[in-house]
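One structure is given below, encoded as structure tokens.
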Amino acid sequence: MPEGPQMVFLKDLAEQFVGQTVLTASGTAKGIPFDKINGSVLNEIKTFGKELLFCFPGFTIRVHLMLFGKFAINSTLDRVLKVGFEFENGELNFYSCDCRFIEKPLDEVYNWKADVMNKDFDKEEARIKLEKKQKDLICEALMDQSILAGVGNKIKNESLFASHVHPESIVSAIPKKKLEAIIDACVKLSGNYLQWQQDGEVEPHWKVYKKSDCPRDHISLRKEKIGKTGRTSYFCDKCQELYV
């Protein structure tokens, strides 16, 4: 599943169409008023966490790539089109994604202070929200998009490793300063992730995600599906402390 930095990267690629009129909007996504999009000017593209927001006068089209979503700029894929925008000088197409029509002002829909890639991200607010998830495993709490929008499985694993915290740690048992360190790691890694994406080389930078050995202790990493959601965690039992 794409994470926040990837959405910012995609937004930057798609901004070539900002200010242009949609000649034809098409697709199979339910609840999307394609006739209303036709002839509308794309005013702006925003992101919130793992969501792309295409802002038109009076409404927004929200796209979430989910687990298997794909996109194509100035080309098409051999898949069922969910939503596509054709402009005078190109096209933007999305597949296997979740699309929604938003009429409310985005400031009423989204809390920008929860987005780790947003300039208004509030670390203190994130910590307070994390602390309220007392009985949760930290590996699951970090994936709560109302707290740390944009953090996915890759950033989760890497942030916990960078903070020396075991993914099965209980939130209420983790010291305040350590929670702050985890949040800082999420923000830093998100920024780095975007830079790596722009440079065209991401995978070599991961320390533990889909790796086999701990780069600190040079022992085998554990790979396990943990918690209610069963997302895969990669971690070191020696250097990542378990707080219970």
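Quick notes on this structure:
- Matching residues in the stretch 140-172 - criterion: being among the hydrophobic types (A, V, I, L, M, F, W, C) and closer than 22 Å to V202 by Cα: L142, M143, L148, A149, V151, I155, L160, F161, A162
- Every condition in (1) assigned by TED's automatic domain parsing to the domain that holds Q145; (2) out of contact with any Cys (no Cβ under 6 Å at 6 or more places or on another chain) is met by V116 except one, and the failing one is (2).
- Selected residue (criterion: surrounded by the most Cβ atoms within 10 Å (Cβ to Cβ)) from residues of the stretch 70-100 that are farther than 20 Å from K46 by Cβ and under 20 Å from the mean Cα position of the chain (by Cα): Y95
- As a summary of the residue check, E201 satisfies the conditions (1) in contact with a strand residue (DSSP E or B) (Cβ under 9 Å, 6 or more places away or on another chain); (2) more than 13 Å from C139 (Cβ to Cβ); (3) without any contact (Cβ under 8 Å) to a residue 24 or more places away in the chain; (4) not hydroxyl-bearing (S, T, Y) except for the one numbered (1).
- Selection of the stretch 101-120 for residues being buried (at least 17 other Cβ atoms within 10 Å of the Cβ) and in contact with a strand residue (DSSP E or B) (Cβ under 6 Å, 6 or more places away or on another chain) yields Y110, A114, D115.
- Among the residues of the stretch 132-149, none qualifies, meaning not one is more than 27 Å from L23 (Cβ to Cβ), buried (at least 20 other Cβ atoms within 10 Å of the Cβ) and outside the structural domain of I170 (by TED's automatic domain parsing).
The values are calculated or read from the model by the stated rules, or taken from the named source; none is laboratory data. In this text, all values refer to a predicted model and were calculated from it rather than measured experimentally. Quick reminder, even Gly has a Cβ in these numbers, built from the backbone with ideal geometry, and neighbours come from all protein chains shown.
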